[in-house]
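Only one structure is covered here, and it is reproduced in the block below.
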Amino acid sequence: MKTQAATGAWSEKKSSNSIDTATAVAPALTGTSEWLLLIALGAAIPLLHATLHWPLKLPGHHGLESMALLTFGRVVSKQRWSALSVATSAAVISFMPILAFKEMGMRFSVLLAGLTIDLLYPLLRKPNTFGFAAIAAAAHATKPLWKWIAAMGWKINFGSLAVGLGFPLLTHLSFGFVGGMIGALLGLSTVRFLQQNSNSH
């Protein structure tokens, strides 16, 4: 039988020999180690954004790594606002000159994506890679959406919207989905490993 925890994470009542990939962290990753992981994941977002130079010249291509990291943090952590915690770490660390986001509004975009992931996560009836990928796609798509609203309401010009909303929305959905899939696969594999390691002791 499945129950929904107060944090929004799902747990499953099983025998002690089974592995529950739907819950958050295993006992091997709790407390301080859990928060340090979330902070490290956040630090990796501006670091990879500054050092990775994808040959793709498409709007939202950095969603491959940012959505993977945000999704990974959501999957392996039992904290209700774990994705937002990762995003907050990224936003704070990006104030370092060497890791500063060059794109206007990037900090807000990352925070909004993390918040969206945490808000949508409890809607998953059964956590799975496709579900997490879909959530990541929606979260990454908030970036062109808020820019479009800002452009319409406050006449702010964004280069990524030069061809309209449709194309950047599609690319953000696509890159977000792939990034979320990667993060979910790695996250669920990590949870299984930690739970297996915990059960063996």
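The values are calculated or read from the model by the stated rules, or taken from the named source; none is laboratory data. Predicted model only: the values in this text are computed from it and were never measured. Neighbour counts run over all protein chains shown; Cβ positions are idealised from the backbone, glycine included.
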Residue among 84, 123 that alone is of a type in the set (A, V, I, L, M, F, W, C) and more than 14 Å from the chain's Cα centre (by Cα): 123
Residues (in a loop (DSSP other than H, G, I, E, B), surrounded by 12 or more Cβ atoms within 10 Å (Cβ to Cβ) and at negative phi) located in segment 43-60: 56, 58, 59
Residue 60 being modelled with pLDDT under 95 and closer than 20 Å to residue 180 by Cβ: yes
Selection count, segment 125-144, where residues are within 16 Å of residue 177 (Cα to Cα) and either surrounded by fewer than 17 Cβ atoms within 10 Å (Cβ to Cβ) or in contact with a strand residue (DSSP E or B) (Cβ under 7 Å, 6 or more places away or on another chain) (or both): 3
All positions within segment 96-124 that are basic (Lys, Arg) and surrounded by 15 or more Cβ atoms within 10 Å (Cβ to Cβ): 107
Segment 64-88: number of residues that are closer than 27 Å to residue 53 by Cα and aromatic (Phe, Trp, Tyr): 1
